[in-house]
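A quick write-up on the structure given underneath.
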Amino acid sequence: MADLLYGTPAPGLVEVPADALQCSPLVPGSADLAEVADGSADSATVLAPPGTLERDYVLAQALRALKPGGTLTAFAPKDKGGSRLKTALQGFGAKVGEDARKHHRFCFMTKGDGLSSLDAAIAAGAPRIVSSIGLWSQPGVFSWDRADPGSLRLIEALPPLAGRGADLGCGIGLLAQAVLRSPAVTALSCADIDRRAVECARHNLDEPRASVAWADLRTPLEGVADLDFVVMNPPFHDGGAEDRALGQAFIATAATMLRKGGACWLVANRHLPYEAPLGAAFKAVTLRAEGGGYKIYEARK
């Protein structure tokens, strides 16, 4: 293993070795940076995430994986943590060079002796049971340390469901746990694009009716069709920017996976205009609840 890549940099932003091993948890099929052997990589290119615990965890894992003399290039938009990157790396005892261009900050370093606090940063960003929600989670996962209010609204509105269903964008499994309280549910296929969330959901949904897949839900899950119901709290951000096309793609995916007469239950922030794509994909759409900045729809195929 020679070179590592974490994240998906915009074209032309940074030079990445052609054979670099992708380690982002948001790219289905990528490697797990935590499983890269100590001192095995020549270089690491890291698009640093904005959250402090997640960022320090990723940087520490990359530094751990580098060979002595290996090089790290870490970068981020100035307004999304880039201005704090140099300080973060210096906190590990690194000697850091810095550059700024294209609204990003870039930090460069060569791994030498004297690095410290890597183990502490890795422990702070690792998966754990979060006491406030009683579930496995990890910094960087959506709503990692609290119950998402949109999902809670949907849980309140859901009737007892029955048959075979799916939770699209399941996160750590909060909504799926509620669905599975109905004994009439015979199978629940859960999926998320974040490998960390998938691994936590597998802990949280440790029961035979549930399966969890790591997948990009802009296309239907392979082998999952003719479902009785779908539940979802679809994402509407991609790379930190609002992207309404994500929710629209989830709606199309749900419609493809449902049987005729099957129901899609969706919660969305009130400002998101999902009425048109719901109307295009489903035979009947009913607003079941609204309040607290959210709206909940039942759509029948």
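The values are calculated or read from the model by the stated rules, or taken from the named source; none is laboratory data. Just so it is clear, the structure is predicted and the values come from calculations on it, not from any experiment. Don't worry about glycine lacking a Cβ; one is built from the backbone with ideal geometry, like all the others, and counts go over all protein chains shown. Accessible surface areas use protein heavy atoms only, side chains included; no ligands, DNA or RNA. Shrake-Rupley method; radii C 1.70, N 1.55, O 1.52, S 1.80 Å.
For the stretch 63-142, what is one quarter of the convex hull surface built on the Cα atoms, given in nm²?
6.4
How far apart, in nm, are the 7 Å Cα→Cβ label points at Glu207 and Thr52?
So the label points at Glu207 and Thr52 sit 3.8 nm apart.
Taking R0 as 30 Å, what's the FRET efficiency between Arg84 and Glu275 from their Cβ-Cβ distance, rounded to 0.05?
Efficiency, rounded to the nearest 0.05: 0.15.
Calculate the length of the line joining the C-alpha centroid of the stretch 186-239 to that of the stretch 1-69, in whole Å.
Value for the Cα centre distance between the two parts: 25 Å.
Just to confirm the number: angle between the C-alpha axis of helix 244-257 and the first principal axis of the chain, 0 to 90 degrees, nearest 10?
Helix 244-257 and the main axis of the chain meet at about 50 degrees.
Taking Cα atoms, how many degrees apart are the long axis of helix 195-204 and the longest axis of the chain, rounded to 10 and kept between 0 and 90?
60
Can you give me the orientation-averaged projected area of the convex hull built on the Cα atoms of the stretch 105-149, in nm²?
Over all viewing directions, the stretch 105-149 projects a mean Cα-hull area of 5.1 nm².
PRE reach from Arg101 (point 7 Å along Cα→Cβ): which of the stretch 38-65 fall under 20 Å by backbone N?
44-48
Specify the residue with the greatest mean-square fluctuation among Val267, Val212, Val96, computed from a Gaussian network of the chain linking alpha-carbon atoms under 10 Å apart.
In this elastic network of the chain, the residue with the biggest mean-square fluctuation among Val267, Val212, Val96 is Val96.
Roughly how many Å² of Lys78 are accessible to a 1.4 Å probe, to the nearest 10?
90
About the Cα centre of the chain, how large is the charge dipole given +1 on each Lys and Arg Cβ and -1 on each Asp and Glu Cβ? Please answer in debye to the nearest 20. All intermediate terms of the calculation are to be shown ahead of the outcome.
On the way: 31 positive and 33 negative charges, 150 e Å.
Around 720 debye, computed over the chain.
Relative contact order for the chain: what percent, with Cα pairs under 8 Å and sequence separation of 6 or more? Could you put the intermediate results ahead of the total?
Numbers: 638 pairs, mean separation 35.2, N = 301.
Contact order relative to length: 12 percent.
Using only Cα atoms, tell me the angle between helix 52-65 and the longest principal axis of the chain; keep it within 0 to 90° and round to the nearest 10.
50
Using the Kirkwood radius over C-alpha pairs as Rh, can you work out the diffusion coefficient of the chain via Stokes-Einstein at 25 °C, viscosity 0.890 mPa s, in µm² per second?
Reported coefficient: 120 µm²/s.
Can you give me the convex hull volume of the Cα atoms of the stretch 153-266, divided per residue and expressed in Å³?
On the way: hull volume 11.0 nm³, N = 114.
Normalising the Cα hull of the stretch 153-266 by residue number yields 96 Å³.
Counting alpha carbon pairs within less than 8 Å and at least 6 residues apart, what relative contact order, in whole percent, applies to the stretch 1-73?
33
Given the DSSP H assignment, sum -39500 (n - 2.57) over each helix run of at least 4 residues in the chain and divide by its residue total; what's the result at 222 nm in deg cm²/dmol, nearest 500?
Computed mean residue ellipticity for the chain: -7000 deg cm²/dmol.
Keeping all protein chains in place, calculate the accessible area per residue for the chain (probe 1.4 angstrom), answer in Å².
Numbers: 13620 Å² over 301 residues.
With all protein chains present, the chain gives 45 Å² per residue.
Mind ranking 166-175, 125-134, 54-63, 256-265 by how tightly packed they are, going by the mean number of other C-beta atoms within 10 angstrom, highest first?
The packing order, highest mean first, is 166-175, 54-63, 256-265, 125-134.
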